[in-house]
Amino acid sequence: MKNKFILLELNQRNEIRADVNLTIKSLGITEIENINVKIDTGCPYTSIPVRKLGISNEKAQQMKQADSADPAIKKEISFGVNDSKEKRESDKEKFRTGKYMELQSVTFQHDSLEIDFGGICLKKDSVKVSYDRTGNILVGMDLLSQMDIHIGQSRILGKTVFLACPYDRMDSDYLEMLDEHFGLQKVPPLGV
């Protein structure tokens with residue numbers, strides 16, 4: 001049976017994580033199953049380091065070379081929170097001069113992302129991928145904003161949970177879960 005909503009627990013590292021199925025059609029990446037992702041409400045855009053999908057470093061560099069040479073692939077520079085001012089300036093210069101293969105901070109925009117949380121499938125027209133980074137796959141607000149989301153102490157589990165449902169799938173079962181976990185009862189709209 002497919003899920004009607006997403007229910008995840010905060011782990012011991014204060015992270016919300018899930019194992020999902022993932023597809024990026026323009027890269028020919030389909031049916032990647034049980035890949036671990038991190039829910040990141042502080043990240044504006046979903047980002048995927050392709051090596052986290054089981055792609056070898058050699059293959060990732062070949063993919064990066066192809067994307068670097070393709071003028072139809074949108075490229076952006078993406079800095080880490082700990083990157084120094086000097087590194088940022090150096091990387092900006094390399095980016096301006098098209099030296100993408102020398103940059104670990106470059107991302108490439110690809111089409112048709114699908115992330116399936118056990119029956120809750122979130123879709124996005126494009127996604128940023130990195131070929132050099134090996135950090136977490138981050139599910140950002142570009143996807144999370146497609147859902148009603150609540151994070152808080154569950155009255156049932158006694159733990160902090162993430163409870164979410166796509167807006168177009170909200171139903172009485174989801175509203176019942178909100179009430180059971182958080183004591184949020186259905187309230188009539190204003191003016192009624």
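The values are calculated or read from the model by the stated rules, or taken from the named source; none is laboratory data. The model shown is predicted, which means the values in this text are computed figures rather than measured ones. Cβ: placed from backbone, ideal geometry, glycine included. Neighbour counts: every protein chain shown. Side chains are part of the model used for accessible areas, which takes the heavy atoms of the whole protein and leaves out ligands, DNA and RNA. Shrake-Rupley method; radii C 1.70, N 1.55, O 1.52, S 1.80 Å.
Estimated from the Cβ-Cβ distance and a Förster radius of 25 angstrom, the FRET efficiency linking residue 184 and residue 79 is about 0.10.
In vacuum, with every alpha carbon of the chain counted as one equal point scatterer, what does the Debye formula give for log10 I(q)/I(0) at q = 0.12, 0.15, 0.18, 0.19 Å⁻¹? Two decimals, please. The Debye formula, applied to the Cα set alone, gives -0.67, -0.94, -1.21, -1.30. Placing +1 on the Cβ of every Lys and Arg and -1 on the Cβ of every Asp and Glu, with no other charges, gives the chain a dipole of roughly 520 debye about its Cα centre. Apolar share of the accessible surface for the chain: 47 percent from carbon plus sulfur atoms, 1.4 Å probe. Report, to the nearest 10°, how far helix 85-96 tilts away from the longest principal axis of the Cα atoms in the chain, using its own Cα long axis and a range of 0 to 90°. Helix 85-96 sits at roughly 70 degrees to that axis. Given R0 = 30 Å, the distance between the Cβ atoms of residue 13 and residue 86 translates into a calculated FRET efficiency of 0.45. Between helix 57-69 and the chain, what is the angle of the helix's C-alpha long axis to the longest principal axis, kept within 0 to 90° and rounded to the nearest 10? Approximately 80 degrees, to the nearest ten. Relative to the longest principal axis of the Cα atoms of the chain, the long axis of helix 172-182 lies at roughly 90 degrees. Checking the Cα-Cα distances for 4/92; 99/124; 92/159 against a 32 Å cut-off, the pairs over it are 4/92; 92/159.
Dividing the Cα radius of gyration of segment 1-108 by 2.2 N^0.38 Å, with N the residue count, gives 1.28.
For segment 71-130, the solvent-accessible area works out to 56 Å² per residue, with a probe of 1.4 Å and every protein chain left in place. Helical runs (DSSP H, four residues minimum) scored at -39500 (n - 2.57) apiece and divided by the length of the chain put the mean residue ellipticity at 222 nm at -6000 deg cm²/dmol. Summarising the label geometry, the points placed 7 Å from Cα in the beta-carbon direction at residue 150 and residue 32 lie 3.2 nm from one another. For segment 77-117, chymotrypsin sites (Phe, Trp or Tyr not before Pro) are listed when DSSP marks them as loop and at most 13 other Cβ atoms sit within 10 Å of their Cβ; the list is 79.
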